[in-house]
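A quick write-up on the structure given underneath.
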Amino acid sequence: GLAVSLRGVTKVYDSGVAALGPLDLDVRKGEFVSLLGPSGCGKSTALRLIAGLGAPTSGTVGIAQSTSGTRAGHSIGFVFQEPTLMPWATVRENVRLPLKLSHAQPAGANTRVGEALAQVGLTEFAGAYPRELSGGMKMRASLARALVTDPDILLMDEPFAALDEITRFRLNNDLLALWRNLRKTVIFVTHSVFESVYLSQRVIVMTARPGRIGAEFRIDAPEP
Ligand code: ADP
Ligand code: ADP
């Protein structure tokens, strides 16, 4: 089935900027899709609309009901380029935050936080503060925070763009391993052709603003 289905989606900001569309996009459940395109073509806008952060000017944004039994509002995890961790809180506390906001039971929350930290390889750093972490580890913490609610869909907006090349490649491989284990739907915005081809099953190339689908490439990634 489909995880995400956009039909005729456009976004014109109050400033008058036509940022996006019309965009028609279907993403299958469990698919890993990259969005590639020039700066300002509306990639972040598209992710925000999918996440429900703002309404489209026209068109419809369809998101499949959560299958994990959690509330529908928590079936999407979002990872930004800036890790946006709270500096006064430990990694563990940062990762726990979305569960606090969703009023999860404390016992279950501890288990989930532990699982999410293990999934990104941060178990040893649970008690560290963000300032003690490298850029790559901060990104892992952000990823754990996005995964802690066990979302069906993971939206990633140029998550690794600020990292050095080696760290970025490590995170690419770890993300790929994670995706093969968890089979979440991933929509990954990047400026890197290499990264898009390396990670995703399908690369969508957007036109200049207002972004539409300019080309689409299916990558024959071997099934694990
Ligand atoms: P991309 O992610 O592809 O770089 P964005 O979605 O961030 O593109 O932006 C698309 C266009 O919309 C740009 O011209 C940007 O300046 C504009 N834009 C983005 N967010 C807003 C906003 N909140 N208000 C007004 N204009 C915006
Ligand atoms: P990116 O290119 O990584 O998407 P941007 O620099 O375009 O990031 O946007 C970063 C933030 O600034 C976003 O939250 C976006 O909504 C906001 N923004 C971008 N362009 C504008 C704009 N012209 N007016 C108001 N807000 C904007």
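Annotations
- Within region 30-48, residues that are of a type in the set (A, V, I, L, M) and at pLDDT 95 or above sit with their Cβ atoms under 7 Å from residues that are outside any strand (DSSP E or B) and open to solvent by less than 20 Å² (accessible area, probe 1.4 Å), at 6+ positions apart or across chains, in these pairs: VAL33/SER200; LEU35/LYS43; LEU35/ALA46; LEU36/SER196.
- Selection status of ASP220, at positive phi, among the charged types (D, E, K, R) and either loosely packed, with under 14 Cβ neighbours inside 10 Å or part of a loop (DSSP other than H, G, I, E, B) (or both): no
- Scanning region 187-202 for residues that are closer than 11 Å to LEU175 by Cβ and of a type in the set (Ser, Thr, Tyr) yields TYR198, SER200.
- Single residue of region 24-45 satisfying the filter (among the small types (Gly, Ala, Ser) and near ligand 1 (Cβ under 10 Å from one of its atoms)) that is surrounded by the most Cβ atoms within 10 Å (Cβ to Cβ): GLY42
- From GLY16, GLY59, residue being part of a loop (DSSP other than H, G, I, E, B), of a type outside the set (D, E, K, R) and either modelled with pLDDT of 95 or more or crowded, with 19+ Cβ neighbours inside 10 Å (or both): GLY16
- Checklist (1) without any contact (Cβ under 8 Å) to a residue 60 or more places away in the chain; (2) open to solvent by 60 Å² or more (accessible area, probe 1.4 Å); (3) within 16 Å of ligand 2 (Cβ to nearest atom) applied to GLY54, failing item: (2)
- Residue count for region 147-174, restricted to those that are in a helix (DSSP H, G or I), open to solvent by 10 Å² or more (accessible area, probe 1.4 Å) and closer than 17 Å to VAL95 by Cβ: 1
The values are calculated or read from the model by the stated rules, or taken from the named source; none is laboratory data. Keep in mind that this is a model prediction, so the values were computed, not measured. Please note: Cβ atoms are built from the backbone with ideal geometry, for glycine as well, and neighbour counts cover all protein chains shown. Only protein heavy atoms, including side chains, enter the accessible area calculation; ligands, DNA and RNA are left aside. Shrake-Rupley method; radii C 1.70, N 1.55, O 1.52, S 1.80 Å.
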